[in-house]
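Asks: Handing you this structure, nothing more for now.
The values are calculated or read from the model by the stated rules, or taken from the named source; none is laboratory data. Computed from a predicted structure; not experimentally measured. For neighbour counting, all protein chains shown are included, and Cβ atoms are generated from backbone atoms with ideal geometry for every residue, glycine included.
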Amino acid sequence: MSALLEGRVAIVTGAGRGIGRAHALELARHGAKVVVNDYGVSLSGEGTGESPADEVVALIREAGGEAVANGADVADFAQAEAMVRQAIDTYGGLDVLVNNAGFVRDRMLVNTSEEEWDAVVRVHLKGHFAPLRHAGAYWRAEAKEGRQRAARVINTSSGAGLQGSVGQATYSAAKAGIAGLTLVAAQEMGRYGVTVNAIAPVARTRMTEGAFDTSAMALPEDNSPVVAWLASVEAGDVTGRVIEIDGSTITVENGWAHGPSRDHGSRWDVAAVGPALRELLAEAPTPEPVYGA
């Protein structure tokens, strides 16, 4: 067992299966004490009555690590607060939050129902905000009491949120929101010793299988070493970044940046807008293609 995360306490949401499961096992392998969260839902978010978190906890304990299960709905504000409190009460603190929980309900935009939109945005976007809000309040209080922790947050965005994905308007919007949330949280929470980054993982999971050919895709555990390093004290100078992981390739995403511009010197008149915008678009980089286009 590596000592990279020795003594550190981590929460991993959606850790009963897939990428989250791989993260929990990897963090534990490097010495972290892990709160393994999983609400136990199907791919589309319906309750299943299963407790996959218990199996992951058992695997960690069998390997000599420490872990406890948590069944919170991470998008429920009170349950997210109780999950953070469980980590603190069980292990004496919290150092790492890995926000990973989510599900998909893929539809073309014009076929998406209001319920499908609300469910997906809730689990991904609010499911990141609520744990981050309560963990952040704890870290702020610790810092004010002179006990500042080298805290780390690793959020989960997606190439769908960064470049877009046909048939995944809701999921793409939620994952784009997570990237934006990451940038703001990194700036606001840095004063408390907290770094906030996001990954855009690529992996063959139950969320990707069936949607397209996944035979050549990376495995869930291929993403987890990056998460383990970002969770370490060593990564204290890295914050506000989105890192795509695709098997053996890691890429630092550039995101939105100011491009070519023109100052008209006064309010634009409509006749001048078209020619000016066409010139600017000709100077700007060509956008990366939307997945599935």
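Asks: Identify, from the list Ala82, Ala58, Ala87, Ala69, the residue that is at pLDDT 95 or above and part of a strand (DSSP E or B).
Replies: Details: Ala82 fails: part of a strand (DSSP E or B); Ala58 fails: part of a strand (DSSP E or B); Ala87 fails: part of a strand (DSSP E or B).
Result: Ala69 is the single residue among Ala82, Ala58, Ala87, Ala69 that is at pLDDT 95 or above and part of a strand (DSSP E or B).
Asks: Can you run down the residue pairs with Cβ atoms below 9 Å, 6 or more apart or on separate chains, where the first is in the range 234-259 and buried (at least 16 other Cβ atoms within 10 Å of the Cβ) and the partner is part of a loop (DSSP other than H, G, I, E, B) and acidic (Asp, Glu)?
Replies: What qualifies is Arg241/Glu253; Val242/Glu253; Ile243/Glu253; Glu244/Glu253.
Asks: Let me ask you something else. If the requirement is being among the charged types (D, E, K, R) and at pLDDT below 95, which of these qualifies: Asp237, Asp213, Asp269?
Replies: Working: Asp237 fails: at pLDDT below 95; Asp269 fails: at pLDDT below 95.
Exactly one of Asp237, Asp213, Asp269 is among the charged types (D, E, K, R) and at pLDDT below 95, namely Asp213.
Asks: Just a yes or no: is a residue in the range 265-275 under 30 Å from Glu188 (Cα atoms) and either of a type in the set (S, T, N, Q) or without any contact (Cβ under 8 Å) to a residue 60 or more places away in the chain (or both)? So that I can check it myself, show each step before the final result.
Replies: Step one: list which residues in the range 265-275 are under 30 Å from Glu188 (Cα atoms), which gives none.
Taking every residue of the range 265-275 in turn, none turns out to be under 30 Å from Glu188 (Cα atoms) and either of a type in the set (S, T, N, Q) or without any contact (Cβ under 8 Å) to a residue 60 or more places away in the chain (or both).
To keep it simple, each residue is scored yes or no on (1) surrounded by fewer than 18 Cβ atoms within 10 Å (Cβ to Cβ); (2) on the phi < 0 side of the Ramachandran plot; (3) among the small types (Gly, Ala, Ser).
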position	(1), (2), (3)
Ala10	no, yes, yes
Gly14	no, no, yes
Val35	no, yes, no
Val56	no, yes, no
Leu59	yes, yes, no
Met83	no, yes, no
Val104	no, yes, no
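Asks: Kindly provide the set of residues from the range 129-162 that are of a type outside the set (Gly, Ala, Ser), closer than 16 Å to Leu94 by Cβ, in contact with a strand residue (DSSP E or B) (Cβ under 8 Å, 6 or more places away or on another chain) and assigned to a helix (DSSP H, G or I), ordered by number.
Replies: Pro131, Leu132, Trp139
Asks: Taking Glu116 as the residue in question, decide whether it is under 22 Å from the mean Cα position of the chain (by Cα), touching a residue at least 40 places away in the same chain (Cβ under 8 Å) and more than 20 Å from Pro131 (Cα to Cα). Full working, then the answer.
Replies: Numbers: under 22 Å from the mean Cα position of the chain (by Cα): yes; touching a residue at least 40 places away in the same chain (Cβ under 8 Å): yes; more than 20 Å from Pro131 (Cα to Cα): yes.
Yes; evaluated as a whole, the condition is true for this residue.
Asks: Taking only the range 57-96 into account, find how many residues are under 22 Å from His124 (Cα atoms) and not charged (D, E, K, R).
Replies: 17
Asks: Specify the residue that is nearest to the chain's Cα centre (by Cα); the eligible residues are those in the range 177-202 that are assigned to a helix (DSSP H, G or I) and among the β-branched types (Val, Ile, Thr).
Replies: Among them, the one singled out is Ile178.
Asks: Checking the conditions here, which among Ala75, Ala24 is assigned to a loop (DSSP other than H, G, I, E, B) and out of contact with any Asp or Glu (no Cβ under 7 Å at 6 or more places or on another chain)? Reasoning before the result, please.
Replies: Values: Ala24 fails: assigned to a loop (DSSP other than H, G, I, E, B).
On inspection, the qualifying residue turns out to be Ala75.
Asks: Just to be sure, is Ala174 modelled with pLDDT of 95 or more and not polar (S, T, N, Q)? Explain how you work it out, then say what you get.
Replies: Values: modelled with pLDDT of 95 or more: yes; not polar (S, T, N, Q): yes.
It is true that Ala174 is modelled with pLDDT of 95 or more and not polar (S, T, N, Q).
Asks: Residue by residue through the range 99-126, note down the ones that are aliphatic (A, V, I, L, M), in a helix (DSSP H, G or I) and either in contact with a helix residue (DSSP H, G or I) (Cβ under 8 Å, 6 or more places away or on another chain) or closer than 21 Å to Ala179 by Cα (or both).
Replies: Of all residues in the range 99-126, those aliphatic (A, V, I, L, M) come to 101, 104, 108-110, 119-121, 123, 125.
Next cut, in a helix (DSSP H, G or I) only: 109-110, 119-121, 123, 125.
Across the range 99-126, the qualifying residues are Leu109, Ala119, Val120, Val121, Val123, Leu125.
Asks: Any residue that is of a type in the set (D, E, K, R) and within 20 Å of Gly180 (Cα to Cα) - is there at least one of those in the range 261-282?
Replies: Kept after step one, since they are of a type in the set (D, E, K, R), are these residues of the range 261-282: 262-263, 267, 269, 278-279.
Next, only the ones that are within 20 Å of Gly180 (Cα to Cα) stay: none.
No, every residue in the range 261-282 fails to be of a type in the set (D, E, K, R) and within 20 Å of Gly180 (Cα to Cα).
Let's see how each residue does on (1) at pLDDT 95 or above; (2) among the small types (Gly, Ala, Ser); (3) outside any strand (DSSP E or B); (4) over 15 Å from the mean Cα position of the chain (by Cα):
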position	(1), (2), (3), (4)
Ala28	yes, yes, yes, yes
Val36	yes, no, no, yes
Tyr39	no, no, yes, yes
Leu43	no, no, yes, yes
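Asks: Going by what's in this entry, would Gly146 be described as touching a residue at least 60 places away in the same chain (Cβ under 8 Å) and either over 19 Å from Ala235 (Cβ atoms) or not hydroxyl-bearing (Ser, Thr, Tyr) (or both)? Please lay out each step first, then the result.
Replies: Values: touching a residue at least 60 places away in the same chain (Cβ under 8 Å): no; either over 19 Å from Ala235 (Cβ atoms) or not hydroxyl-bearing (Ser, Thr, Tyr) (or both): yes.
Here the answer is no, as Gly146 does not meet what is asked.
Asks: Can we say Arg105 is under 18 Å from Ala160 (Cβ atoms), of a type outside the set (Val, Ile, Thr) and modelled with pLDDT under 95?
Replies: Details: under 18 Å from Ala160 (Cβ atoms): yes; of a type outside the set (Val, Ile, Thr): yes; modelled with pLDDT under 95: yes.
Yes, satisfied.
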